[in-house]
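Student: This is the structure, below, for whatever I ask next.
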Ligand code: MRU
């Protein structure tokens, strides 16, 4: 029998073998394959190729990656250890540009080293392992709390639309936008979830549909261009999406297509909720314009998931992986510390305190 994806750990540490274990998400839903990787180049590739993806999961993978690369550093001299460690962290940070959790997690790891100058290198490595495990464990707790707050915004029987995958596969456990759905299911709520397929990499079709169905949730997959039609029929009572970076003013950057969904939800008067841990809030980004949007290879649009290429050779392709939803379109931002409503500049600053 196929393994239930909800019983698999998205990201884990095999400390004995010195390896990072991840479910290879590029193989889902067809195969549940667990990759065991140790070299920083492999970890970089796993993140950039979306074998592990979703903002919080990227942060957890990078934290374990930072620990594993630290573990392999031979030097006992603090200065040279720190230099090599920093160089590895900078390298891992170059794997993807948009999700702030990547930089947030690596900064946390780096602070462990910068604050331990008087300790032997061996002890610093232990502290790094503990910090990476803490980042993973905290993420599961944070997601559960987001789930509780999110659940207070929806009702039994609601139709909920979501985009991309902001579920357990994107985090240590539960997910962000899918956490209220998983918690609701645990408590006997009967939601109807509409998962947008999420072109071009189909995280909605491949991952969200699998995750929700394995959890026993009533799931309907739609193409991204069917959103308006489904909303118009009155089948959707709220939209829940995840987020890669929330700017200080409340603009939210998430998977490409999210802003279109928000515009349509606004048109039809459907509440639009962004679910994001506070580690996703970047107070250094004043607004969405300060967020770097990843652009990915054209082949993802023209041929990646097709048996045959679907576009004429040489066609120009624009393939941004994310877009920014302006704060005016967001009904509320659901964090682990509570629900933030407009004005976001004030609410986010308060919640971060
Ligand atoms: O390119 P991806 O698959 O990493 O994009 C993921 C998303 O856009 C998610 O919605 C976001 O990271 C939040 S995950 C809890």
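Student: Determine the shape class of the stretch 9-83: with a ≥ b ≥ c the square roots of the Cα gyration tensor eigenvalues, call it rounded for a/c under 1.5, and otherwise prolate if a/b is greater than b/c, oblate otherwise.
Tutor: Numbers: a/c = 2.75, a/b = 2.14, b/c = 1.28.
Prolate shape, in that a/c is at least 1.5 and a/b is the bigger ratio.
Student: Shifting gears a bit: Starting from the Cα of residue 326, step 7 Å along the direction of its Cβ; do the same at residue 226; then give the gap between the two resulting points in nm.
Tutor: Here the answer is 3.0 nm between the modelled labels.
Student: Once both axes come from the Cα atoms, what is the angle between helix 55-72 and the longest principal axis of the chain, in degrees from 0 to 90, rounded to 10?
Tutor: 10 degrees
Student: Work out, in µm²/s and without decimals, the Stokes-Einstein translational diffusion coefficient of the stretch 132-277 at 37 °C, 0.692 mPa s, Rh from Kirkwood over C-alpha pairs. Walk me through the numbers before you get to the answer.
Tutor: Details: Rh = 14.9 Å.
Estimated diffusion coefficient is 220 µm²/s.
Student: Points 7 angstrom from Cα along the Cβ direction at residue 268 and residue 310: gap in nanometres?
Tutor: 2.3 nm
Student: Report relative contact order for the stretch 23-160 in percent, whole number only (criteria: Cα-Cα under 8 Å, sequence separation at least 6).
Tutor: Values: 133 pairs, mean separation 32.9, N = 138.
Value for the stretch 23-160: 24 percent.
Student: With labels modelled as points extended 7 Å from the Cα through the Cβ direction, what inter-label distance (nm, one decimal) is found for residue 15 paired with residue 290?
Tutor: 3.7 nm
Student: Considering only 264, 109, 161, give the residue with the highest GNM mean-square fluctuation for the chain, with springs between Cα atoms whenever their separation is below 10 Å.
Tutor: Maximum fluctuation in the GNM of the chain, among the listed residues, is at 264.
Student: Going out from 0 in 20 Å bins, what whole percent of all Cα-Cα distances in the chain drops into each bin?
Tutor: All Cα pairs, binned at 20 Å, distribute as 31, 57, 11, 0 percent.
Student: Right, next: What Kirkwood hydrodynamic radius, in Å, does the stretch 194-353 give when the mean of 1/r is taken over all pairs of distinct Cα atoms and then inverted? Before the final figure, lay out the partial values.
Tutor: On the way: mean 1/r = 0.0594 Å⁻¹.
That comes to 16.8 Å for the stretch 194-353.
Student: Working out 0.36 nm times the residue gap between residue 27 and residue 353, then minus their Cα-Cα distance, what length gain in nm do you get to one decimal?
Tutor: Details: separation 326, 0.36 × 326 = 117.36 nm, distance 4.03 nm.
Working it through step by step, the gained length comes to 113.3 nm.
Student: Would you calculate a helix-derived [θ] at 222 nm for the chain, using -39,500 (n - 2.57) for each DSSP H run of n ≥ 4 and dividing by the full residue count, to the nearest 500? Present the calculation step by step, with values, prior to reporting the outcome.
Tutor: On the way: 11 runs with 133 residues, N = 353.
Taking each H run of at least 4 residues, the total per residue is -11500 deg cm²/dmol.
Student: While we're on this one: Show me 200-213, 4-17 ranked by packing, highest mean number of other Cβ atoms within 10 Å first.
Tutor: Details: 200-213: 23.9, 4-17: 16.4.
Result, highest mean first: 200-213, 4-17.
Student: Going by alpha carbons, how many degrees (0 to 90, nearest 10) lie between the helix axis of 121-151 and the longest principal axis of the chain?
Tutor: Taking Cα atoms only, the helix is inclined about 10 degrees.
Student: Beta carbons within 10 angstrom, averaged per residue: use that to sort the peptides 243-254, 178-189, 24-35, highest first. The partial results should precede the final answer.
Tutor: Numbers: 243-254: 26.7, 178-189: 20.4, 24-35: 16.3.
In decreasing order of mean packing, 243-254, 178-189, 24-35 become 243-254, 178-189, 24-35.
Student: How would the stretch 171-239 be classified by its alpha-carbon gyration tensor: rounded, prolate or oblate, with rounded meaning a/c under 1.5 and the a/b versus b/c comparison settling the rest? Let's see the in-between values first.
Tutor: Numbers: a/c = 2.09, a/b = 1.25, b/c = 1.68.
It is oblate, given that a/c is not under 1.5 and a/b is not larger than b/c.
Student: Length gain on complete extension for the stretch residue 140 to residue 218, per 0.36 nm per residue less the alpha carbon to alpha carbon distance?
Tutor: Numbers: separation 78, 0.36 × 78 = 28.08 nm, distance 2.38 nm.
My answer for the length gained is 25.7 nm.
Student: Same structure, new question: Which order, highest average first, do 164-170, 44-50 follow once you tally other Cβ atoms within 10 Å for each residue and take the mean per peptide? Show your work: numbers first, answer last.
Tutor: Details: 164-170: 29.7, 44-50: 18.3.
In descending order of packing, they fall as 164-170, 44-50.
Student: Normalized C-alpha radius of gyration of the stretch 5-143, against 2.2 N^0.38 Å? Walk me through the numbers on the way to the answer.
Tutor: Working: Rg = 14.4 Å, N = 139, 2.2 N^0.38 = 14.3 Å.
Expressed relative to 2.2 N^0.38 Å, the Cα Rg reads 1.00.
Every read-out reported here was derived from the displayed coordinates using simple, explicitly stated rules and does not represent laboratory data. Since we're looking at a predicted model, the values are computed, not measured. Don't worry about glycine lacking a Cβ; one is built from the backbone with ideal geometry, like all the others, and counts go over all protein chains shown.
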